[in-house]
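This report refers to the structure that appears directly beneath it.
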Amino acid sequence: MSQTHTPALDNLSHETRSFAPSAEFIATSIAKPQQYEAAAADRLGYWANAARSVLTWDTDFTEVLDWSQAPVARWFADGKVNAAYNALDRHVENGLGDRVAIHFEGEPGDTRTYTYAQLTTAVKQAANAFESLGVTKGDRVAVYLPMIPEAVITMLACARIGAIHSVVFGGFSADALRSRIDDAQAKLVVTADGTWRRGKPSALKPAVDEALAKEGHSVKNVLVVKRNAQDVIWNDSLDKWWSDVVDSASTEHTAVGHESEHPLFVLYTSGTTGKPKGIIHTTGGYLTQAATTHRDTFDLHPETDVFWCTADIGWVTGHSYVTYAPLINGATQVMYEGTPDSPHQGRWWEIVAKYGVTILYTAPTAIRTFMKWGRSIPDSYDLSSLRVLGSVGESINPEAWMWYRDVIGTNNGANGERKEHPTPIVDTWWQTETGAHMIAPLPGVTVTKPGSAQTAVPGITVDVVDEMGQSVANGEGGFLVIRDPWPGMLRGIWGDMNRYKETYWSRFEGMYFAGDGAKKDEDGDIWLLGRVDDVMNVSGHRLSTTEIESSLVAHPYVAEAAVVGAKDETTGEAVVAFVILQIDPPEGEDVVATLRAHVGKDIGPIAKPRHILVVPELPKTRSGKIMRRLLKDVAEGREVGDATTLADNTVMAQIAESMRK
Ligand code: ATP
Ligand code: MG
């Protein structure tokens with residue numbers, strides 16, 4: 001008997017553009033096609049080589065992977081390695097002490113430069129200071145700092161002594177901070193008086209005071225960096241100035257190797273979907289994958305490149321691609337404290353030009369914002385130094401990808417000259433849980449496609465499966481899974497191993513389930529389609545949020561779009577779209593009808609939104625991701641759920657207001 005095969009996710013998009021790397025880029029490319037073959041032939045051997053090539057081990061390992069306690073992996077378990085030594089001291093020992101490690105640009109325009117030698121000394125002092133405050137190996141340290149060099153120094157000082165850092169977004173509330181301090185039982189909190197936001201001082205210390213006001217916490221000391229010189233309320237029993245404790249500490253500190261499986265940090269996921277989870281990462285495997293992917297995905301030439309990852313250290317991208325990988329790889333990087341529009345909307349491009357940034361790594365939300373502001377802003381800067389552009393955090397809509405390439409990637413100077421070969425774009429898919437890139441093109445190797453993350457990085461086995469866990473055919477959609485353990489994988493959820501097993505390992509036997517939907521195109525390349533919790537079921541069709549959003553964003557009226565499914569009596573669910581307009585539509589124009597017709601024509605009648613609501617803003621997390629579950633509440637007329645991780649908590653009120661009109 002024949003059975004109709006219903007794919008787990010319909011495939012709607014018709015994107016067909018593709019771009020081969022230029023011969024010029026291939027000539028000096030770090031990544032080579034042979035890496036895929038080598039990794040496929042001997043996956044563990046590939047990672048063992050990687051571990052020994054990107055890291056200097058105090059004690060070499062004999063076993064690569066121990067999977068006997070699955071789903072908890074042990075990588076390089078009998079090896080010993082110190083993260084801070086690898087990020088700092090060894091470069092100085094190798095004669096690179098004068099190379100710039102960090103160009104820091106404060107929001108008010110103040111700057112600081114740390115060479116590798118200077119950063120090593122600063123971290124040694126911080127390590128001594130933390131030890132003098134009673135912090136020892138295995139203790140947890142909560143880090144509640146802005147994007148200033150002390151954030152990186154604190155994380156590396158923890159790593160050096162084997163303390164486990166738990167970075168909490170500077171934008172999170174006192175309650176969020178307290179719950180994370182309690183969950184990890186942090187002994188030390190490192191914070192600052194505050195930071196700068198759009199030209200004004202913005203306080204941090206009061207949130208720490210409020211978080212610790214209620215008794216019963218685990219904190220013994222609060223170390224306060226002076227950043228914005230605002231008055232702070234001082235608690236004599238807990239508070240100490242960083243300048244008093246760290247600056248006077250000894251500049252001698254010997255790093256010892258820690259076990260490869262020693263926890264390096266706990267990081268709570270950004271909270272797009274619900275209650276944050278304390279993701280545990282350990283040392284050797286995590287550092288190996290972070291450094292390897294940083295080198296290959298970005299074609300890093302550490303002698304000449306200037307790398308800039310715009311992510312806050314409060315999320316995983318800031319851990320892997322600000323604090324750890326660039327320094328392990330001996331790169332020069334830029335660190336910027338503020339917002340992209342302070343004091344003007346060209347600030348980022350000014351920074352790129354000033355430091356000669358060659359590799360820029362940012363998020364689709366930022367790219368869409370720049371599109372909204374208009375190309376004349378980046379066009380008036382000299383961005384000729386750029387040679388690789390990266391994206392992370394959400395699917396990058398094909399139109400945003402093309403804009404990134406055409407506007408940023410071909411800019412060859414403020415006189416309007418364009419590059420002959422646009423810079424490659426690398427869309428990187430990964431998660432807090434995966435530690436480092438998992439799916440990403442390799443510039444110089446991959447023929448890139450706008451909107452697709454494409455190919456698992458060498459040594460990683462990803463797949464797209466149907467409801468039963470069977471691989472789907474090319475051209476079909478389903479659930480994204482990871483089939484083999486990988487070095488940078490999480491080792492659990494802090495204090496809740498059952499939740500770890502349930503969340504990631506219970507949906508499909510023996511596979512890690514990432515929670516995202518994806519499809520394979522006709523070439524087998526992978527396209528991320530949004531979270532499976534957000535997939536809409538319309539008259540038996542399983543529709544992806546990403547594809548409909550990308551279609552809306554491709555219309556000239558639309559700057560940003562978020563799509564959700566709302567319960568519907570006839571179709572099961574109905575597509576509801578929230579859009580931010582890019583331009584004022586012509587007089588008398590029915591925007592909603594035009595956009596509905598556009599989606600219908602672009603991807604098919606089934607995807608036509610039932611309702612389109614024009615809103616002034618979309619709810620986003622601090623890391624810039626759209627929180628669709630809040631919009632679903634609005635679309636279904638419910639009270640809006642937990643919105644504590646929103647970047648701007650007035651957004652939901654603005655949306656409600658615009659709906660009343
Ligand atoms: P939470 O798990 O608490 O809900 P979160 O998933 O937003 O938060 P992260 O670990 O920062 O926290 O984000 C990982 C998720 O971001 C991925 O599972 C995926 O949904 C999305 N994502 C990241 N990079 C990409 C990308 N290049 N393309 C598509 N989606 C991406
Ligand atoms: Mg997640």
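The values are calculated or read from the model by the stated rules, or taken from the named source; none is laboratory data. Predicted, not measured: the structure shown is a model, and the values here were computed from it. Quick reminder, even Gly has a Cβ in these numbers, built from the backbone with ideal geometry, and neighbours come from all protein chains shown. The area values use the complete protein model at the heavy-atom level, side chains included, leaving out ligands, DNA and RNA. Shrake-Rupley method; radii C 1.70, N 1.55, O 1.52, S 1.80 Å.
Counting Lys and Arg as +1 and Asp and Glu as -1, what is the net charge of the other residues whose Cβ lies under 10 Å from the Cβ of T358?
-1
Taking a probe of 1.4 Å, how large is the accessible area per residue of the chain, in Å²?
Heavy-atom SASA per residue in the chain reads 37 Å².
Greater than 21 Å separation of Cα atoms is the criterion. Which listed pairs, K277/K501; K200/K226; K226/K277, meet it?
K226/K277
Note down the magnitude of the dipole of the chain about its Cα centre, charges +1 on Lys and Arg C-beta and -1 on Asp and Glu C-beta and zero elsewhere, to the nearest 20 debye.
The calculated dipole for the chain is roughly 480 debye.
Per-residue ellipticity at 222 nm for the chain, helices alone: DSSP H runs ≥ 4 residues times -39500 (n - 2.57), over residue total, nearest 500 deg cm²/dmol?
Helix-only estimate at 222 nm: -7500 deg cm²/dmol.
Given a 1.4 angstrom probe, I'd like the percentage of the accessible area of the chain that is carbon and sulfur, rounded to a whole number.
Whole-percent figure for carbon plus sulfur exposure: 49.
Let me make sure I get this right: for the stretch 573-632, a, b and c are the square roots of the gyration tensor eigenvalues over alpha carbons, sorted descending. Under 1.5 in a/c it's rounded, otherwise prolate if a/b > b/c, else oblate. Which is it?
Because a/c hits 1.5 or more and a/b fails to exceed b/c, the stretch 573-632 counts as oblate.
Tell me which lysines have Cα within less than 24 Å of K519's Cα, excluding those fewer than 8 residues away on the same chain?
Within reach: K449, K601, K608, K625, K632.
Within the chain, what's the longest stretch lacking GluC sites (Glu not before Pro) that sit in DSSP loops with no more than 10 other Cβ atoms inside 10 Å?
So the longest stretch without any such site is 1-214.
Taking the 0 to 90 degree range and rounding to the nearest ten, how far is the long axis of helix 284-297 tilted relative to the main principal axis of the chain, both from C-alpha atoms?
On a 0 to 90 degree scale, this one is about 60.
Give the aspartates and glutamates reachable from K220 as a straight Cα distance under 15 Å; neighbours fewer than 8 places away on the same chain don't count.
Straight-line reach from K220, under 15 Å: E131, D139, D182, D209, D236, D239.
Answer rounded, prolate or oblate for the chain, using the Cα gyration tensor with square roots of eigenvalues a ≥ b ≥ c: rounded when a/c is under 1.5, else prolate when a/b is larger than b/c, else oblate.
Rounded, since a/c falls under 1.5.
By its C-alpha gyration tensor, with a ≥ b ≥ c as the square roots of the eigenvalues, how is the stretch 112-223 shaped: rounded for a/c under 1.5, else prolate for a/b larger than b/c, else oblate?
oblate
Please give the solvent-accessible surface of K625 in Å², to the nearest 10, using a probe radius of 1.4 Å with every protein chain present.
Counting only protein heavy atoms, the figure is 30 Å².
Tilt of helix 591-603 relative to the longest C-alpha principal axis of the chain, in degrees (0 to 90, nearest 10)?
Between the helix axis and the principal axis of the chain, the angle is about 90 degrees.
Hey, got the dipole for the stretch 490-558? About the Cα centre, +1 on K and R Cβ, -1 on D and E Cβ, debye to the nearest 20?
320 debye
With +1 on each Lys and Arg Cβ and -1 on each Asp and Glu Cβ, how big is the dipole of the stretch 351-481 about its Cα centre, in debye rounded to the nearest 20?
Taking the Cα centre of the stretch 351-481 as origin, the dipole is about 600 debye.
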